[in-house]
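The values are calculated or read from the model by the stated rules, or taken from the named source; none is laboratory data. Source: prediction; values computed, not measured. Glycine also receives a Cβ, built like all others from the backbone with ideal geometry; neighbour counts cover every protein chain displayed.
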Amino acid sequence: MLIPILVMSIMGILFGLGLAFASRIFRVEIDPKIEKILEALPGANCGVCGKAGCAGLAEAIAKGDVSLTSCPPGGEEVYTKISEILGVEKCSVTRKVARVKCGGGGNARDKYIYEGVNTCAAANLIAGGQKLCEFGCLVFGDCVSACPFDAIRMGKDGIPFVDIEKCTACAKCVSACPKNIISLEDAREKYYVKCLSHDKITFVKNACKAGCIGCKVCEKLSKGAFIIENNLARLDYGKVDDSTPLKLCVEKCPTKCIIED
């Protein structure tokens, strides 16, 4: 029994020495910048950047394969840290937030009774959803489920509500919405039209109490900052100055579809 034990012990020692030697020979050096960048990233591993988690993004940033602003949830604070790690000039990025361009929900009529799976994606497969307005939110909250940052919740009116303080502009909600009524927009532009319908006034009035009817009240009050195109108002921020009465436009809008964040 003693000989087999000695043989196994010697073999174990030899294998251990061999592995130790091999690990030194084939060791892959890790760029210390990668570890520092990984520490700077938020660690959400949300995949918004298109990489396999924060580790994959840290490696890509260190190699220069992607921009140091490739992490939307990170924001200015993270971008500043990474620029310091890389020794490059700080990048300034305009903050964006998600906005739901529909105020329908309980204000919008249904064209049929939907009794299928309670997801917007499933409802949209049947004649574009149950809402009479083809541009309307389907109210099942696919965007809420998709948000990894708890930045979207269903409001009392049956329409998703975006918490702009929590929103990271990751665009998960944009991809989840089958009606394409969610977009990422400049957070500094506080006023917007919460409707995307291009239908005529008679149809909009019948389909939704909160839809834009293209009445031109905002266009007249704002002296052209609001523009009516294809029966829908939109705000041209290039024409907005300190004298533009945007709050008045919000107050005078007959369907209350002009919103201030």
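Take the conditions of a type in the set (Asp, Glu) and buried (at least 21 other Cβ atoms within 10 Å of the Cβ) and apply them to Asp199. Does it pass? The answer is yes for Asp199. Within the stretch 202-216, being more than 16 Å from Ala108 (Cβ to Cβ) and free of Cβ contacts under 8 Å to residues at least 24 places away in the same chain holds for Gly214, Lys216.
Regarding Asp199, is this residue touching a residue at least 60 places away in the same chain (Cβ under 8 Å) and closer than 16 Å to Arg99 by Cβ? No; evaluated as a whole, the condition is false for this residue. Scanning the stretch 63-98 for residues that are crowded, with 18+ Cβ neighbours inside 10 Å and acidic (Asp, Glu) yields nothing. Do the conditions hold for Ile126, that is, is it modelled with pLDDT of 90 or more and closer than 23 Å to Ala210 by Cβ? No, not satisfied. The residue that is farthest from the chain's Cα centre (by Cα), counting only those in the stretch 65-83 that are hydroxyl-bearing (Ser, Thr, Tyr) and over 14 Å from Ala55 (Cα atoms), is Ser83. Quick one: which of Lys156, Lys239, Lys252 is within 26 Å of Arg109 (Cβ to Cβ), exposed (fewer than 14 other Cβ atoms within 10 Å of the Cβ) and of a type outside the set (Val, Ile, Thr)? It is Lys156.
Give the residues of the stretch 49-80 that are small (Gly, Ala, Ser) and in contact with a Lys or Arg (Cβ under 9 Å, 6 or more places away or on another chain), sorted by residue number. Passing the criteria: Ala58, Ala60, Ala62, Ser70, Gly74, Gly75.
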